[in-house]
Amino acid sequence: MTPRKESMKDLASWENEKDYVIANVTVVDPSNNRIHDGYHVGIKEGRIAFVEPGKPQVASMSVFDGGGLHIAPGFVDIHVHLREPGQEYKETILTGTRAAVAGGFTSVACMPNTDPVADENSIVEFIIKKAKIAGFAKVYPIAAATVGSKGEKLTEFASLVEAGAVAVSDDGHPVASAQMVRRVLEYASNYNIPFIEHCEDMSASANGVMNEGFTSTRLGLTGIPGYSEQICLARDLLVLQSVEVPFHAAHMSTKGSVELIREAKRRGLPVTAETAPHYLAFDDTDLGTYDTNLKINPPIRGVEDREALIEGLIDGTIDCIVSDHAPHAAHEKQVEFENAPNGAIGLETTFSVVMTHLVKPGHMAIADALSLITNKPAKVLNLPAGGIQPGDAADLTLFDPKEEWVVGKDDFHSKSHNSPFIGQTLNGRVKHTIVDGSVVTATLMHV
């Protein structure tokens, strides 16, 4: 018997449901670049049971009214900083994963620059355990490539992968020598995990605090040239020609880097790359207010760089978008620009920035844009995420693609509030997030 519309429940009223149907939704399937209006999605035992058109014909399952919202695979972020262990005053695994699901992310991969550095299996296991206790987003640790991220001695990849690490990186610290890059790549290839590089020539960056150019001169701030990123990237791509195992370039920010990656892909090298929302939404002229929330590494670049990154996303040169969620306590950012730490939070705004700066201007269709934060990043790290087919985990995000909202400084579920988007009007908003069939955003209402 077909349930009558008035018998449907509001999804926000979900309580401990295991098997149910979400009706009256538009399904976005980024993997197949398709959008289906007037569909319903069935969930059984934490997995997707069916995705079908029309009204549900299931009398034995609770039916929730999706209210015409769009439903997509849960978002995937492969570059976040959860700060735990060691810097819990900035963020914890609990608060970070709460922020993740508030932003529609059901799976996140966290970087190893904790204190102590995640260079041992016990730390990887600790992170996974804490995430399971938290009960929000799924967390996949990225382990350090070298001991203490010092670039001198390889970590024990075998035990780290066995503990649950999905990649290795010294994020925040570029691997210092070409020889060590080769050793990392060769060792990682034995375990089918990628090496993620923070591309920066430290001698070129020196004491810079923003992009080098006219604006840095006008503001009296020391600049970081674009070639700081490109020198390191070019070196690693040359090494990759000899090794040819998966290499991922983190938070790309320059036009020159896009060109290097495009050429490397043309030659068939196994390279993938990411960029972050702040590089799509801002350029260095926005730093005229000395807003320390815009102090990021790599720095916000020029207009040509921003346009090149958008073009790189459109043509597939850049594979995915990550938040590079980097929480800092208020007192750390409330200092002179030169003395503020690098980084901004982003888990709760990334989706809306994608909608505002890629979809709304017509650069990309919704399905194409969402592939950048669903199936494509999942593919980079071989994560079991990013799909919306029967049999997939019921990790889902429901959103209103047209809702406009103003980012408020007190609206974040993250422990820190250092967002450069505070006060901005963004397009598209997450309404519900489901992890393994559980509507975790219903829990957020009671936090």
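The numbers here are math on the coordinates, done by the rules we state, and not lab data. Treat the numbers as computed from the prediction; the structure is a model and nothing was measured. All Cβ positions, glycine included, derive from the backbone under ideal geometry; neighbour counts span all protein chains shown.
Please report, in cubic angstrom per residue, the volume enclosed by the convex hull of the alpha-carbon atoms of the stretch 155-311.
111 Å³
Rg to Rh for the stretch 330-395: what is it, with Cα atoms only and Rh by Kirkwood? Present the calculation step by step, with values, prior to reporting the outcome.
Numbers: Rg = 16.8 Å, Rh = 14.6 Å.
Using Cα coordinates only, the ratio equals 1.15.
Restricting everything to alpha-carbon atoms, can you work out Rg to Rh for the stretch 271-329 with a Kirkwood hydrodynamic radius?
Answer for the stretch 271-329: 0.99.
So what does the Cα-only Debye profile of the stretch 147-216 read at q = 0.12, 0.21, 0.25 Å⁻¹, as log10 I(q)/I(0), no solvent term?
-0.39, -0.88, -1.15
Send over the semi-axes of the stretch 75-380's equivalent ellipsoid, whole angstrom and largest first, taken as the square roots of 5 times the C-alpha gyration tensor eigenvalues.
Here the semi-axes work out to 26, 23, 21 Å.
Taking a temperature of 37 °C and a viscosity of 0.692 mPa s, what whole-number D in µm²/s does Stokes-Einstein yield for the stretch 18-84 with Rh from Kirkwood over alpha carbon pairs?
Result for D is 250 µm²/s.
Residue-wise, which Karplus ³J(HN,Hα) couplings in Hz belong to the stretch 414-426, taking 6.51 cos²θ - 1.76 cosθ + 1.60, θ = phi - 60°, and x for glycine or proline?
4, 5, 10, 10, 7, 9, x, 9, 4, x, 8, 8, 10
Can you give me the three principal axis dimensions of the stretch 361-408 from its C-alpha atoms, in Å, biggest first?
Reported extents, whole Å, longest axis first: 34, 23, 22.
Per DSSP H run of at least 4 residues, take -39500 (n - 2.57); add these up for the chain, divide by its residues and hand me the 222 nm value, nearest 500 deg cm²/dmol.
Values: 15 runs with 126 residues, N = 447.
It lands at -7500 deg cm²/dmol.
Between their Cα atoms, which of Lys295/Lys379; Lys18/Lys415; Lys132/Lys431; Lys90/Lys150; Lys132/Lys360 are more than 26 Å away from each other? Don't jump to the answer; show the numbers that get you there.
Details: Lys295/Lys379 30 Å; Lys18/Lys415 30 Å; Lys132/Lys431 23 Å; Lys90/Lys150 23 Å; Lys132/Lys360 36 Å.
Beyond 26 Å: Lys295/Lys379; Lys18/Lys415; Lys132/Lys360.
Quote the charge dipole size of the stretch 300-353 about the Cα centre in Debye, to the nearest 20; the model charges only the Cβ of Lys and Arg (+1) and of Asp and Glu (-1).
Around 200 debye, computed over the stretch 300-353.
If the viscosity is 1.567 mPa s and the temperature 4 °C, what translational diffusion coefficient in µm²/s does Stokes-Einstein give for the stretch 186-253 when Rh comes from Kirkwood over Cα pairs?
The Stokes-Einstein estimate is 96 µm²/s.
In whole angstrom, how far apart do the alpha carbon centroids of the stretch 335-352 and the stretch 252-287 sit?
The distance from the Cα centre of the stretch 335-352 to that of the stretch 252-287 comes to 19 Å.
Expressed as cubic angstrom per residue, what is the convex hull volume of the alpha carbon set of the stretch 29-145?
133 Å³
Provide Rg and Dmax in Å for the stretch 45-113, with only Cα atoms included in the calculation.
17.3, 51
Cross-link partners among aspartates and glutamates for Lys44, C-alpha distance below 18 Å, same-chain residues fewer than 8 apart left out?
Answer for Lys44, where 18 Å is the Cα cut-off: Glu15, Glu17, Asp19, Glu52, Asp65, Asp392, Asp395, Asp436, listed by chain and number.
Just need the relative contact order of the chain here, percent rounded to a whole number, with Cα pairs under 8 Å and 6+ apart.
19 percent.
If you count, for each residue, the other Cβ atoms within 10 Å and average over each peptide, how do 306-317, 102-113 line up from highest to lowest?
Result, highest mean first: 102-113, 306-317.
Please give the contour-minus-distance gain from His36 to Tyr191: 0.36 nm per residue of separation, less the Cα-Cα distance, rounded to one decimal in nm.
52.0 nm
Gln179 versus Arg266, label points 7 Å from Cα toward the beta carbon: distance in nm?
For Gln179 paired with Arg266, the spin-label model returns 3.4 nm.
Given points 7 Å out from each Cα along the Cα-Cβ axis, report the Ile314 to Asn342 separation in nanometres with one decimal.
If labels sit at Ile314 and Asn342, their model points lie 2.9 nm apart.
Using θ = phi - 60° and the Karplus relation 6.51 cos²θ - 1.76 cosθ + 1.60, list the HN-Hα couplings for the stretch 334-341 in order, rounded to whole Hz, with x at every Gly or Pro.
8, 9, 4, 3, 4, 9, 6, x
Taking a ≥ b ≥ c as the square roots of the Cα gyration tensor eigenvalues, with a/c under 1.5 meaning rounded and otherwise prolate when a/b beats b/c, else oblate, which class fits the stretch 272-380?
Working: a/c = 2.20, a/b = 1.72, b/c = 1.28.
Verdict is prolate for the stretch 272-380.
How do 348-359, 427-438 rank on mean C-beta neighbours within 10 Å, highest first?
348-359, 427-438
Using mean Cβ contacts within 10 Å as the protection proxy, how do 79-89, 174-184 order, highest first?
Ranked from most to least packed, the peptides come out as 79-89, 174-184.
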